[in-house]
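**Student:** Dropping a structure here in structure tokens format, bear with me for questions.
The values are calculated or read from the model by the stated rules, or taken from the named source; none is laboratory data. This one's a predicted model, so the numbers in the text were calculated from it and none came from an experiment. FYI the Cβ positions are ideal-geometry reconstructions off the backbone, even for glycines, and counts take in every protein chain you see. Each accessible area value is taken on the protein alone, full model and side chains, heavy atoms only, with ligands, DNA and RNA left out. Shrake-Rupley method; radii C 1.70, N 1.55, O 1.52, S 1.80 Å.
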Amino acid sequence: MAIRFVEIHAATTPTDLNTEWVVLENDGKMPFITRGCGMTVGRRGQARRRELGIIDPGFVLQPGTKVRMLTGSPGAKDQGTPPDDGVDGVTNYYLLLPKPYLEGAGTVLTLTLRGQVVSKAEHDPATTTGVVAK
């Protein structure tokens, strides 16, 4: 699978859930269906990870496209202003989580499908994309 994290953006404040997001990109040649995928969060060097939830109903990520997965809810004005949907070529998808999950530098995000790792990235707020370069 050629799914990769291309951006990790931390929330500006803990209550502004719609300002925390990750951007996934499909670099492959086949569509990727996210239904049933899970996302976990952990710390660099620790084996224990916390499950954030299962993506359901999910979405189809076509080859060459990106999706922005925001932490909050689309209709919650008190959760901050999300980036405009589709304006920069990236569609918004809301995870409907109750609180931020990024824990600063060294936070490791893993996208899984049926227990298998699809993509993994480490957060580094010092970089422009928020993703540690490989």
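**Student:** Sum up the charges of everything whose Cβ sits under 12 Å from the Cβ of Gly80, counting Lys and Arg as +1 and Asp and Glu as -1, but leave Gly80 out.
**Tutor:** -2
**Student:** In the neighborhood of Gly58, defined by Cβ-to-Cβ distances under 14 Å, what is the net charge if each Lys or Arg adds +1 and each Asp or Glu adds -1?
**Tutor:** Around Gly58, the surrounding residues sum to +1.
**Student:** Right, another one. Using unit Cβ charges (K, R positive; D, E negative) and no other charged atoms, how large, in debye to the nearest 20, is the dipole of the range 20-95 about its Cα centre?
**Tutor:** Using only the charged Cβ atoms, the result is roughly 460 debye.
**Student:** Which of Pro74, Ala47, Tyr93 sits farthest toward the positive end of the charge dipole of the range 1-114, with +1 on the Cβ of Lys and Arg and -1 on the Cβ of Asp and Glu?
**Tutor:** My answer, from the dipole projection, is Ala47.
**Student:** In whole Å, largest first, what are the principal axis extents of the Cα atoms in the range 23-134?
**Tutor:** For the range 23-134, the Cα spread along each principal axis is 37, 36, 27 Å.
**Student:** With the other protein chains left in place, how much accessible area per residue, in square angstrom, belongs to the chain at a 1.4 angstrom probe?
**Tutor:** Result: 56 Å² of accessible area for each residue.
**Student:** Just how far, in whole angstrom, is the range 1-26 from the range 67-116 if you go by their alpha carbon centroids?
**Tutor:** The range 67-116 and the range 1-26 have Cα centres spaced 5 Å from each other.
**Student:** Let me ask something additional. Take the solvent-accessible surface of the protein heavy atoms, probe 1.4 Å, and return the percent of it on the chain that carbon and sulfur atoms account for.
**Tutor:** Roughly 53 percent of what the probe reaches on the chain is carbon or sulfur.
**Student:** Under 18 Å from the 7 Å Cα→Cβ point of Gln62, by amide nitrogen: which residues of the range 93-134?
**Tutor:** 93
**Student:** Let me ask something else about it. Cut-off under 14 Å on the C-alpha distance; same-chain residues fewer than 8 positions from Lys134 excluded. Which aspartates and glutamates are left, in chain and number order?
**Tutor:** Lys134 reaches Glu7, Glu122, Asp124.
**Student:** Separate question: Summing +1 for each Lys or Arg and -1 for each Asp or Glu, what net charge is found among the other residues whose Cβ lies under 14 Å from the Cβ of Gly104?
**Tutor:** Local net charge: -2.
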